[in-house]
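These notes concern the structure reproduced below.
The values are calculated or read from the model by the stated rules, or taken from the named source; none is laboratory data. What you see is a predicted model, and the numbers here were worked out from it, not measured in a lab. Cβ placement follows ideal geometry from the backbone for every residue including glycine, while neighbour counts extend to all protein chains displayed. All accessible areas refer to the heavy atoms of the entire protein, side chains included, with ligands and DNA or RNA removed. Shrake-Rupley method; radii C 1.70, N 1.55, O 1.52, S 1.80 Å.
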Amino acid sequence: MILRQITIMNRSLTEVNDLIQQTHALRQHINPCLPHFAQQSVYLHTRVSTGCQLISFFSTAMLVVYRRLFVIWLLVILGSSHNACDDSWEEIQSKRTIRAENEVEANKVVNNYRFGFRKWKSHVTERPFEDRSEVVKELYSELNVIKPHSGHLITCGNIAYVFLFGWWVSLVYFLVSILMFITITGVPYGKLCWKLSCYFLWPFGKSIHEIGNTLRRCCEHAPDCECNIDGVEDNSPVLLPSPTEHRFSTYMWLLLGYPPLVVIHSLACFFSWILVFTIPVSKMNARTMAVILLLPPEDVSVSSCSQRKHQGYETRALLCCYHAVNWYYYKYTVDGINVFAVNLLPLVIVAIVIGYIDRENHYASSDVKFAIATGSIIPLSYYIGMGIASISAQSNFAVGAVVNATFGSITELTFYITALIRGHHAANPCLQEVVKAALTGTLLGCILFIPGICMIIGGLRHSEQRFNSRSTGVSSALLFISVGGVFAPTLFSKAYGNLVCEACTNSTGGNSTSNSSGPFVCHNCHYDLVSISSQETHPNMPLVYTVSTLLPVAYIIGLIFTLKTHSHIYNIHVEEGQVRVHPSNVTGHHGAVVHWSRWRSLVILIMATVLTSACADLVTEHIQPILNQPSVSQYFIGVTVLAMVPEIPEIVNGIQFALQNNISLSLEVGGCIAVQVCMLQIPILVLFNAFYDVGFVLLFSDLHLWASIFSVIVVNYIFMDGKSDYFQGTALVVVYLILLALYYFAPSPAGC
């Protein structure tokens, strides 16, 4: 009997050991679900440990019963979250494994996920052309290849071409052809202009070929006509008639016919390039001006794209176009820079020229100069971002972090410091209030508008998107610290300051010095700390210096937390082909062709910074007429135009991330900028004021205070569940627009 009991106890203990092993296995199965099921797994972990202790404590007779009940309870919990766990784990795996063309791009991707770095979407290396999509290949293809075309040629874009470009280009060719016919010796060129006049009125479905002397000269060196015709096109000089032919007609053409056509084609190139989507028209005009018009007229043949004229030798296609408009040209880049940023770059030259030469506003008003100078900041911000991304992607983390910290906020700081200096010299306190409004506007835009618009656009394409709530929680906590620190002096002044008003009147019409009784109405009231302190400096300054010291320290602690001690929050794997590369091992280039080298990026950064300083100086110089308009609040100008224009490249990057279902980076774009505004830019302004007193006091109006606090609370509530859709994005954008309405109808600061 005793032996039988011992056998039962041994068997029960064996089952207990098996149960413990199964429990550990189940816990390991649950661990991957922790990022999305933290509360369930912590609760489950606690119950598992408690269950193991209870099982070891009870008698052997009850162990079997408790074991079965415990396993059933455990399976119920696992079954309820099994499908969600599988989905979340697959999503985590897909998010943490990202493909990159080369290791330079991989380093850039890793920097995007590191806290503190500005997020950058555009490529810093040249992507292999053969790996691009067919849509992108079409953008960069030349117009000297005849491709099969089965679609309709009568499209809205082609009809628009006729009204925008075709009729006047064709008309000029017709007039030039008449001129060349009048000269008699230029009759061959007159015939060419007549053919090109018909061609440019409707060039679609037609082609221009080269025939005659050029190919004959090529085939003299290669009797079998196997010469490389493409090489002739690229390397041959201007093709003119041979010495045996009459040169007088050529000289007449170069003097009378060619110059006006160059002007016309240059204008067509410029306008079609500025419109971006009509870049095929620009390519067509540029190729005509540089190649076709320099050929002998007898070597040029115009026909339909489906036919080729043979005059003894095979012809070579020079120009063939089917569509004047391609809506995908928003993806077009020039040396790694988006075409829109390239087109806006001439604004910088225009702003500087008219701003510093036309001091008396003879040719442009202050409003025009302000608009041009403000718009010129957009491409400069793009170039600064591209330079930062290029250096960071080609360097180690330390160099990238220094460059990012140095130039990441240079655009905004340049404007703020320039405005404070100009306002101090002109004894104009309104510019200081404009700077505070711009700081608050940047904070509100990065907290509400950038995440909101990214959620809307991403949600419309992907229905529901998930993001890393742990990393977003770090940014949210830093936002709470930032807003609390920045507005601490304002709260301090409200708690211990005296309410001072400029003018008070009672209900009977008397002023504040009269003895009349009754309620008083006071205007321009504010809290003043000077009356409660005998210090020569502003009594808030010790608190301001303390806060300005603590905020960068908190920022550095956040960097250490996310990059060192808890780096697994941001860890990802970057795949290059079939090779998985860990972020710590991404250092080499391995044949990657970068758009900008490190030195070139540094030179561009410095030049862009200098130009940004000049444009910011022009903005602050010509902003006063805008501020003097009674219909618009100065607060509204600061929180909209001056705050959000420099952030347009960041908004574009965030939208591109959202469209690629990478909403985590979209949210980090705004959070990173907002944290840098509070923890870096404002302390730098305070430090600058300490060395060069411009009267900058870290006291904000009530509207700035409560709008910022309310925004942080709203965005943290939205980010709680780790999911986003277009409805949540709409909520953030609507809140942002409501706050803008408050600023629009709010009166301007006192004394402005």
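Before moving on, here are some points about what is shown:
- Karplus-derived HN-Hα couplings along region 610-625 (A = 6.51, B = -1.76, C = 1.60, θ = phi - 60°), whole Hz, x at Gly and Pro: 4, 5, 5, 4, 5, 5, 5, 5, 5, 4, 5, 6, 9, 7, 4, x
- Distance between region 386-440 and region 355-385 - C-alpha centres, whole angstrom: 18
- Computed lengthening from VAL714 to ALA495, 0.36 nm per intervening residue step minus Cα-Cα distance: 76.3 nm
- Ligands, DNA and RNA left out, the 1.4 Å accessible surface of region 103-184 is 67% carbon and sulfur atoms.
- Heavy-atom accessible area ranking, 1.4 Å probe, most first, across CYS501, CYS672, CYS156: CYS156, CYS501, CYS672
- Distance from the Cα centroid of region 647-725 to that of region 601-618 is 23 Å (rounded to whole angstrom).
- Distant-in-sequence amide H partners of VAL594 (H built 1.01 Å from N, under 5 Å): GLU126
- Theoretical gain in end-to-end length, ALA160 to LYS331 [0.36 nm per residue, Cα-Cα removed]: 59.4 nm
- Partners for LYS283 among lysines (Cα-Cα distance below 18 Å; same-chain residues under 8 apart left out): LYS137, LYS147, LYS206, LYS331
- Listed values for region 259-272 are Karplus-derived 3J(HN,Hα) couplings in whole Hz (6.51 cos²θ - 1.76 cosθ + 1.60, θ = phi - 60°), namely x, x, 5, 5, 4, 5, 5, 5, 5, 4, 4, 5, 5, 5, and x replaces Gly and Pro.
- Distant-in-sequence amide contacts of LEU318, defined by a placed amide H-H separation under 5 Å and a gap of 5 or more residues or a different chain, comprise ILE208, HIS209, GLU210.
- FRET E, pair PHE727, ILE178, Förster distance 56 Å, beta-carbon r, rounded to 0.05: 0.30
- Each residue was assigned an accessible area with a 1.4 Å probe, and for TRP706 the value is about 140 Å².
- Near the amide H of TYR332, within less than 5 Å, lie the amide hydrogens of VAL339, all on another chain or at least 5 residues away, with H placed in the peptide plane.
- Each residue of region 547-560 was assigned a 3J(HN,Hα) from its phi angle through the Karplus expression (A = 6.51, B = -1.76, C = 1.60, θ = phi - 60°), giving 5, 5, 8, 6, 5, x, 5, 5, 5, 5, 4, x, 5, 4 Hz with x at Gly and Pro.
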